[in-house]
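Have a look at the structure below, then the notes.
The values are calculated or read from the model by the stated rules, or taken from the named source; none is laboratory data. The structure presented is a predicted model; accordingly, all values stated were derived computationally and were not measured. Don't worry about glycine lacking a Cβ; one is built from the backbone with ideal geometry, like all the others, and counts go over all protein chains shown. Heads up: the accessible areas ignore ligands, DNA and RNA and are worked out on the full protein's heavy atoms, side chains in. Shrake-Rupley method; radii C 1.70, N 1.55, O 1.52, S 1.80 Å.
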Amino acid sequence: MTKPVFNLKMVAPLAAAIISVNAAAQSAANESVAMSASSGVEEIVVTGTNVYRDRTDDINPTLSFDLDFFQRFEPLTVGEMLKRTPGVAFTSDVLEYDAVQLRGMNAEYTEVLINGRPIPGQGADRTFFVDRIPSELVERIEIIRSPSADMTSQGVAGSLNVILKDGAKLEGITTRLGSTYYADSEDFRTIGSAAIAHAGESYDFWLGANIQERFNPKRKTEAYFDEEALEGYAFEEDTRDGNDNSLNGSLGLQLDDTSEVRFNAYYVFTDRTENELVTEYEGDVISRSEGDLVAISTQEEQIDQTSWGIDGVYVTALGSGELELSAALSQFKEDTVNFETEEEFDDGVSEGVEEGDEVLFIEDKNYSLEGSYKIALGATELKTGLSYGASERSGLQAGFFDVDADIEETRVAPYAKLTFDMAENLSLEGGLRYDIYEREVSNEDGSAKSDSNELLPSMSLRWDMDDDNRVTASVARTLRRPEFDLVSPFEEDETPDDEDVTIGNPDLASELAWGFDLGFEHRLPGRGIVGVNFFYRDIDDVIELTDTGIETEAGGALFTPMNVGNGTSRGVEFDISMPLAFIGLENTGFYANYAYLDSEIKDPFTGEMRTFRNQPDSVYNISLTQDLPGFGGAGISYQKRSESLETEFEEYVITEYDGNLEMFVEWNISEQSVLRFSGTNLLDQEKVEYIRDYGEPVNEIQYEDSTPTYSLTWRSAF
């Protein structure tokens, strides 16, 4: 299969015509985190203005990317937004951006928050698929590299905080209409999307609705080898077709001069069908006509997923300080029906069709309460609080193993945080969080309880050396709770091999990590900024499926997940955001980031050192945007990641991706209206997986690609 090759020489002619690589987040004129909040709702309809990332006021290291950073490329989901941010990777199907990997580490090491609160999701490893959050709901995205004591501490690689839009400083109506065309789809598929939102004119109110179709027609080819000789192959068509419908709203009330209350809510419903058709052949040439048909299998998966959440925050002056009380409720629910058929052939003659179906049901509810009191003590600010959380989860815990279980968790965390301005340009923040945790798991095989408590200190420093240079440093203790399926009491025969048995381990402890970050940021002339950050994670009690050394009755081995040892992850993250006025390009914006990533852990199967699963060595983005005064603008962006390794006992999988090129051209119809043409996957990205057993040559190669897509979007504000 011949693939187009991308190099920087391809960018120059495009940039000369109308293009350049993407601009980036947050206006440099404003260092606050909430830089998109403006006097009118028309400000969220980005029309022909380059923007550049700037620093936040947080002492703990945090990157904040405003709506402006993403909107001109018209991403549909939070996942599509994140692919252009520093150090973010995905190990998903082509054009799918679901389980986000901060610092490239596997998704279970990233905590996903909405408005600062944990949210339930499908994954037994506690991951939430960010492609389920429509981008139309989002005001900004924060990447929290290291937490403060008043934050949850379950993001070993970092936390991703999705801030939803509200009406605090907005007024008026915004609308969006869009249509997307799939170039290589056999039925020339076109899908649509629409959104409308209203912000209160005389009060703090926001209500938005969004409807969007999702479609991804993927093609896969699988080649099977015996001693490096091709012996068979399969062709697969995998099409995902569905709708995401969402609402979000907020209401803020000023009760008196010293008290206010805010309510936030969101609702997302996904109705999606996944259809797979696989035809398998024997032969030494990959061809539908020259091979012997072995089997035809189909799979139709009807997926219904619902996520919603509501929270309220009350803030009032109390004595010489400030009291804050909050409560939240969120829920994830999935009902999926999977119907499969398989028809085998012998010398071209059908041997009959086998059918089967499976129902997947998951329901997860989260409750939380929190109270805190903040008081200024001279140059010091003290914040103390108590956080309570509970969750109830039932259904199929689909992870390493598929286990039906009911799970209840309770979390209580008192904390204290001290912020001290040591000098006008030097701030120090330190705190302690004491996490008290209880878990109860039950299913048809039994029940078990577990509890733990961890002391989680954190400290961050911010030093503004002068107006242009800033140093940040932090150290924090974080944790990762074990997967739901692994802590369930279960027994599975013939796993991982025929005579083996695997059992669950309800006594699994959490992984604990010490994290260190050291960063430097420098303002560039003309609103730009360049930053570099070094990080290191030392992770204890890493969870791996392990041979216990006990022999089974069938003569195999007994396996169970265990806390087997320690691992480390480290890397360097670099990003630059700037106008190119210094070379005479006043209206050209440049943005780029690069992350070098590395890790080390002992493999329990081989005893050798390897990287953490699915962590690439590097990931980078290059973007240019060009304002065209009197018309609008244009831009291109290119993202690429290196290969990664995934292991499961003796099986090794190396995954490679081509780069993704996307672009936009826009016409500013008026100051409050824009018509935008955008495209993605313009190089027809391909994913390749090389699969082998340990110490053996490659025995399977899987190729996957999708289609370039082109969108036309109209946005307007009134």
Go through (1) aliphatic (A, V, I, L, M); (2) surrounded by fewer than 19 Cβ atoms within 10 Å (Cβ to Cβ); (3) out of contact with any Pro (no Cβ under 7 Å at 6 or more places or on another chain); (4) farther than 22 Å from Asn621 by Cα and name the single condition Val564 misses. (3)
Looking only at residues in the range 687-718 that are of a type in the set (Asp, Glu) and open to solvent by less than 20 Å² (accessible area, probe 1.4 Å), which one is farthest from Thr190 (Cα to Cα)? Glu704
Among all residue pairs at least 6 apart or on different chains, which show Cβ distances below 7 Å where the first residue, located in the range 672-701, is at positive phi and the second is open to solvent by less than 20 Å² (accessible area, probe 1.4 Å) and assigned to a strand (DSSP E or B)? Asn681/Asn660; Asn681/Thr709; Asp684/Asp705
Take the conditions in a strand (DSSP E or B), touching a residue at least 12 places away in the same chain (Cβ under 8 Å) and crowded, with 18+ Cβ neighbours inside 10 Å and apply them to Thr316. Does it pass? no
For the range 502-514, give me the residue count where each residue is open to solvent by less than 10 Å² (accessible area, probe 1.4 Å) and not in a loop (DSSP other than H, G, I, E, B). 3
Of the residues in the range 597-612, those that are acidic (Asp, Glu) and either assigned to a strand (DSSP E or B) or within 23 Å of Val532 (Cβ to Cβ) (or both) come to Asp598, Glu600
Can you report the number of residues in the range 444-487 which are charged (D, E, K, R) and loosely packed, with under 14 Cβ neighbours inside 10 Å? 6
Got a sec? Which of Asp241, Asp184 is part of a strand (DSSP E or B) and under 30 Å from Thr279 (Cα atoms)? Asp241
Those strands (runs of 3 or more DSSP E) lying entirely in the range 79-181 with at least 3 residues free of Cβ contacts under 8 Å to residues at least 60 places away in the same chain and not aromatic (Phe, Trp, Tyr): 110-114, 158-164
Show me the strands (runs of 3 or more DSSP E) found entirely inside the range 436-501 where at least 2 residues are more than 23 Å from Ser394 (Cα to Cα), touching a strand residue (DSSP E or B) at 6+ places or on another chain (Cβ under 9 Å) and of a type in the set (Asp, Glu). 446-464
Can you run down the residue pairs with Cβ atoms below 6 Å, 6 or more apart or on separate chains, where the first is in the range 353-371 and open to solvent by less than 70 Å² (accessible area, probe 1.4 Å) and the partner is of a type in the set (Lys, Arg) and in a strand (DSSP E or B)? Glu363/Lys333; Asp364/Arg393
Identify all residues within the range 621-644 that are in a strand (DSSP E or B), in contact with a Pro (Cβ under 9 Å, 6 or more places away or on another chain) and open to solvent by 10 Å² or more (accessible area, probe 1.4 Å); write none if there are none. Arg641
How about the range 244-266: which of its residues are among the acidic types (Asp, Glu) and assigned to a strand (DSSP E or B)? Asp244, Asp256, Glu260
Residue list for the range 584-608, restricted to those being of a type outside the set (A, V, I, L, M, F, W, C) and open to solvent by 30 Å² or more (accessible area, probe 1.4 Å): Gly584, Glu586, Asn587, Tyr594, Tyr596, Asp598, Glu600, Lys602, Pro604, Thr606, Gly607, Glu608
Can you name the condition, by its number, that Glu650 falls short on among (1) out of contact with any Ser or Thr (no Cβ under 7 Å at 6 or more places or on another chain); (2) closer than 22 Å to Tyr591 by Cβ; (3) open to solvent by 30 Å² or more (accessible area, probe 1.4 Å)? (2)
What pairs can you find where one residue is in the range 325-336 and touching a residue at least 40 places away in the same chain (Cβ under 8 Å), the other is of a type in the set (A, V, I, L, M), and their Cβ atoms are less than 6 Å apart, with a gap of 6+ or different chains? Ser326/Val313; Ala327/Leu369; Ser330/Ile119; Glu334/Ile362
Among Thr611, Thr655, the single one that is among the β-branched types (Val, Ile, Thr), buried (at least 18 other Cβ atoms within 10 Å of the Cβ) and within 23 Å of Asp238 (Cα to Cα) is Thr655
Taking the stated definitions as given, is Ala99 open to solvent by less than 10 Å² (accessible area, probe 1.4 Å), small (Gly, Ala, Ser) and farther than 24 Å from Ala183 by Cα? no
Which one of Ala398, Ala379 is open to solvent by less than 70 Å² (accessible area, probe 1.4 Å), more than 17 Å from Glu483 (Cβ to Cβ) and either modelled with pLDDT of 95 or more or not β-branched (Val, Ile, Thr) (or both)? Ala379
Residue list for the range 285-297, restricted to those being open to solvent by less than 40 Å² (accessible area, probe 1.4 Å) and either in contact with a Lys or Arg (Cβ under 9 Å, 6 or more places away or on another chain) or among the polar types (S, T, N, Q) (or both): Ser287, Ser297
Could we say that Gln305 is open to solvent by less than 70 Å² (accessible area, probe 1.4 Å), in contact with a Lys or Arg (Cβ under 9 Å, 6 or more places away or on another chain), farther than 29 Å from Leu253 by Cα and modelled with pLDDT of 95 or more here? yes
Note: among Glu300, Glu340, Glu344, Glu280, just one is buried (at least 17 other Cβ atoms within 10 Å of the Cβ) and in a strand (DSSP E or B), namely Glu280
Failed criterion for Asn161 (all others in (1) among the polar types (S, T, N, Q); (2) open to solvent by 40 Å² or more (accessible area, probe 1.4 Å); (3) modelled with pLDDT of 90 or more hold): (2)
For the list (1) at pLDDT below 65; (2) of a type in the set (Gly, Ala, Ser); (3) buried (at least 22 other Cβ atoms within 10 Å of the Cβ), I need the number of the one condition that Ala89 fails. (1)
For the range 406-422, state whether one or more residues are part of a strand (DSSP E or B), modelled with pLDDT of 95 or more and under 22 Å from Glu492 (Cβ atoms). yes
Would you point out the residue of the range 348-405, among those that are within 23 Å of the chain's Cα centre (by Cα) and assigned to a loop (DSSP other than H, G, I, E, B), that is nearest to Gly319 (Cα to Cα)? Gly399
Residue count, the range 208-229, condition over 30 Å from Glu80 (Cβ atoms) and open to solvent by less than 40 Å² (accessible area, probe 1.4 Å), comes to 1
Identify, by number, the condition in (1) at pLDDT 95 or above; (2) crowded, with 18+ Cβ neighbours inside 10 Å that Glu438 doesn't meet. (2)
Looking at Thr546, Thr552, which one is more than 25 Å from Arg439 (Cα to Cα), open to solvent by less than 40 Å² (accessible area, probe 1.4 Å), among the polar types (S, T, N, Q) and modelled with pLDDT under 95? Thr552
